Amino acid sequence: MPPITGKARPAEVVSLSGGKSANLGLTTRMRRNRQTEWSRRLVRENALTTDDLIWPLFICEGKNTREPIASMPGIERLSVDQIVREAERAMKLKIPALALFPNTPKELRDETGSEALKEDNLVGRALRAIKKEFPEIGLVADVALDPYTSHGHDGVMKDGVILNDESVALLVDQARVLAACGADVVAPSDMMDGRIGAIRAGLDAANFADVQILSYAAKYASAFYGPFRDAVGSNATLKGDKRTYQMDPANSGEALREVALDIEEGADMVMVKPGLPYLDILWRVKEAFGMPTFAYQVSGEYAMIEGAARNGWLDGDKAMMESLLAFKRAGADAVLTYFAPRVAEKLGKQ
Ligand code: PBG
């Protein structure tokens, strides 16, 4: 702790009510540095830049299609041709990377999520289409089976149990397919044990040694994913909850063990998710490992800010910027956020 130097100098203390002077005689006045904008800029400790943004996008079937998502006002599912237009917008705004999520048609969902292994599924087509037109933008693809399974879980299920090792085998195949379609980064969001090591080995064996792994290392079983599940259409199908594989919101030491394992197994970057309710975890992870550490400002966090803003209950732009700056202060190197294009536009104008 720094020494406390703001005490009144005893000799100069005077009565504020009846005395001659109202000067407290403080040596340190914290407000001096806050008086003017130039001074506030000089003493500012953290900054959010466009370099910190990853923009998650939802893909749907169709052509020239944009479907609004009721629980995420302002966000739409986009057909592949429209995703490419958003990639162009991201390029112009200098957003470094996109993260892609599919809304798989119901009839293509099955028990084992077999659609995940097809190179011409929605994500595969979007990856190829974006890579062809804008090879410089980073493409992050989620590795998990939930947008593809009829039961909405991230792995395969037998008698109500999510099987770990059987799921990992499929996730390795999914990661390889994503890499073959042009994903620069695969992001396992499934929380099965041992998947990072298995995916690394699988990618290396298939000549994808340069494909990066962004591990959803500390991912909690959270209510804040609700709107996302609407967006990818897994809310209607999800049987039960994900508490046997995603983390208990009550735990934080366990998050460090999860992250340590993923680093050991070969993760290039680690993620904490959700974002704002878990800033303590973000801080501990960054402090403990010094890894490239990302945060996901998830769908429910977006919905809270945007919903309140649209009702006139808070200043949406200010709340958006403040929430994202909070991630930087807590140690995030980058943030996945649905606000990415709006933030980039705002930062570009400053
Ligand atoms: C799927 C996945 C989820 C999110 C990202 N990947 C949902 C879940 O685990 O149920 C949530 C993202 C968000 O809420 O914005 N494995």
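The values are calculated or read from the model by the stated rules, or taken from the named source; none is laboratory data. No experiment lies behind these values; they were computed from the predicted model shown. When we count neighbours, we look across all protein chains shown, and the Cβ atoms used for this are built from the backbone with ideal geometry, even at glycine. The area values use the complete protein model at the heavy-atom level, side chains included, leaving out ligands, DNA and RNA. Shrake-Rupley method; radii C 1.70, N 1.55, O 1.52, S 1.80 Å.
Extension gain for Trp283-Leu163 works out to 40.0 nm (0.36 nm per residue, less the C-alpha to C-alpha distance). Any idea what the relative contact order of segment 51-349 is, in percent, if you count C-alpha pairs under 8 Å spaced at least 6 apart? Computed value for segment 51-349: 18 percent relative contact order. Springs join every pair of Cα atoms under 10 Å in this Gaussian network model of the chain, and among Ala303, Ala180, Ala250 the largest mean-square fluctuation is at Ala250. Taking each DSSP H run with n ≥ 4 as -39500 (n - 2.57) and averaging over every residue of the chain yields -11500 deg cm²/dmol at 222 nm. Sorting Ile137, Ile162 by accessible area puts them as Ile162, Ile137; the probe is 1.4 Å, largest comes first, and only protein heavy atoms count.
What's the extension gain from Ala206 to Arg31 if we count 0.36 nm per residue and subtract their Cα-Cα distance?
Stretched fully, the Ala206-Arg31 segment lengthens by 57.1 nm.
Between Leu127, Tyr338, Ala267, the Cα set farthest toward the positive side of the dipole of the chain (charges on each charged residue's Cβ, about the Cα centre) is that of Tyr338. Peptides 95-102, 308-315, 284-291 ranked from most to least packed, by the mean per-residue count of other Cβ atoms within 10 Å: 95-102, 284-291, 308-315. Between Phe294, Ala217, Phe58, the Cα set farthest toward the positive side of the dipole of the chain (charges on each charged residue's Cβ, about the Cα centre) is that of Phe294. Length available on full extension from Val43 to Ser252: 0.36 nm per residue minus the Cα-Cα distance, which gives 72.1 nm.
With Cα atoms as the point set, the chain shows a radius of gyration and Dmax of 23.3, 83 Å. Could you let me know the centre-to-centre spacing of segment 131-190 and segment 79-103, using Cα atoms, in angstrom? Centre-to-centre distance over Cα atoms comes out at 19 Å. Under 5 Å between amide hydrogens, built in the peptide plane, is the criterion, and for Val156 it picks out Leu163, Ser167 among residues at least 5 positions away or on other chains. Computed about the Cα centre, the dipole magnitude for the chain is approximately 2180 debye when only Lys and Arg (+1) and Asp and Glu (-1) carry charge, each at its Cβ. Please report, ordered by residue number, every helix of the chain (full DSSP H runs) that is 24 Å or longer along its axis going by C-alpha atoms and whose mean Kyte-Doolittle hydropathy reaches -0.5. Once both thresholds are applied, what remains is 164-181. Separation of the alpha carbons by more than 25 angstrom is noted, of Lys131/Lys219; Lys239/Lys328; Lys318/Lys349; Lys92/Lys328; Lys106/Lys242; Lys132/Lys242, for Lys131/Lys219; Lys239/Lys328; Lys132/Lys242.
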